[in-house]
1. Which residues, taken from segment 68-77, are in contact (Cβ under 8 Å) with a residue 24 or more places away in the chain and surrounded by 11 or more Cβ atoms within 10 Å (Cβ to Cβ)?
2. Under the condition of being buried (at least 18 other Cβ atoms within 10 Å of the Cβ) and in a strand (DSSP E or B), which residue from segment 78-98 is nearest to the chain's Cα centre (by Cα)?
3. Check whether at least one residue in segment 111-130 is in a strand (DSSP E or B) and either over 16 Å from the mean Cα position of the chain (by Cα) or at pLDDT below 75 (or both), and report yes or no.
4. Tell me, please, whether a residue that is within 30 Å of Thr27 (Cα to Cα) and at pLDDT below 80 can be found in segment 80-90.
5. Take segment 52-93 and flag every residue that is over 18 Å from Tyr104 (Cα atoms) and of a type in the set (D, E, K, R).
6. Identify, please: which residue in segment 14-67 is modelled with pLDDT of 85 or more and among the basic types (Lys, Arg) and is, among those, surrounded by the most Cβ atoms within 10 Å (Cβ to Cβ)?
Amino acid sequence: MMDRRDRLFLATSIKLVIFCLVSIIVTTVLTVIMGRLGGEGKTEYHAMFNTASELEDGDDVRVAGVSVGAVTGVDITDDGKALVSFRIDNGVDLTPGSRAEVRYLNLVGARYLALKAGTPSAARLPAGVATRANIAWRSPVC
């Protein structure tokens, strides 16, 4: 038979286990949400710039200040322009009127790629289509 002290210890132990399980679940959910670890696919786009100085692999791609992807490559073309490759979440719709700009992230000089939405009613930018905007073409990425 359990005395009062043993029952109190058992009740406290059960409460501790429940607290730990809830903490682990909440931490996991927050990690998935904040770290964008969900299974949402990405789409790769490429943009041509006259200059993309200091833009590097891994730099943020943002829409209205919200991170939606990352720069995956910066290459120099034969005519001296910068070809920037980047991946963004499939939920971000780029249209033929969309624009891309290289902007300063902070006072140290870090950069990010800012995307501006085109006309909301326009069709999504299809694969392989060149536009008058800086966004050149896209290819799906798993």
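1. Answer for segment 68-77, where residues must be in contact (Cβ under 8 Å) with a residue 24 or more places away in the chain and surrounded by 11 or more Cβ atoms within 10 Å (Cβ to Cβ): Val68, Gly69, Val71, Thr72.
2. Ile88
3. So far as segment 111-130 goes, no, none of its residues is in a strand (DSSP E or B) and either over 16 Å from the mean Cα position of the chain (by Cα) or at pLDDT below 75 (or both).
4. Just the residues of segment 80-90 that are within 30 Å of Thr27 (Cα to Cα), to begin with: 86-90.
Those left that are additionally at pLDDT below 80: 89-90.
Yes, the conditions are met somewhere in segment 80-90.
5. Correct list: Asp75, Asp78, Asp79, Lys81, Arg87, Asp89, Asp93.
6. Top of the filtered list is Arg62.
The values are calculated or read from the model by the stated rules, or taken from the named source; none is laboratory data. The shown structure was predicted, so the numbers you read here are calculated from the model rather than taken from an experiment. Neighbour counts are summed over all protein chains in view; Cβ atoms, including those assigned to glycine, are modelled from backbone coordinates with ideal geometry.
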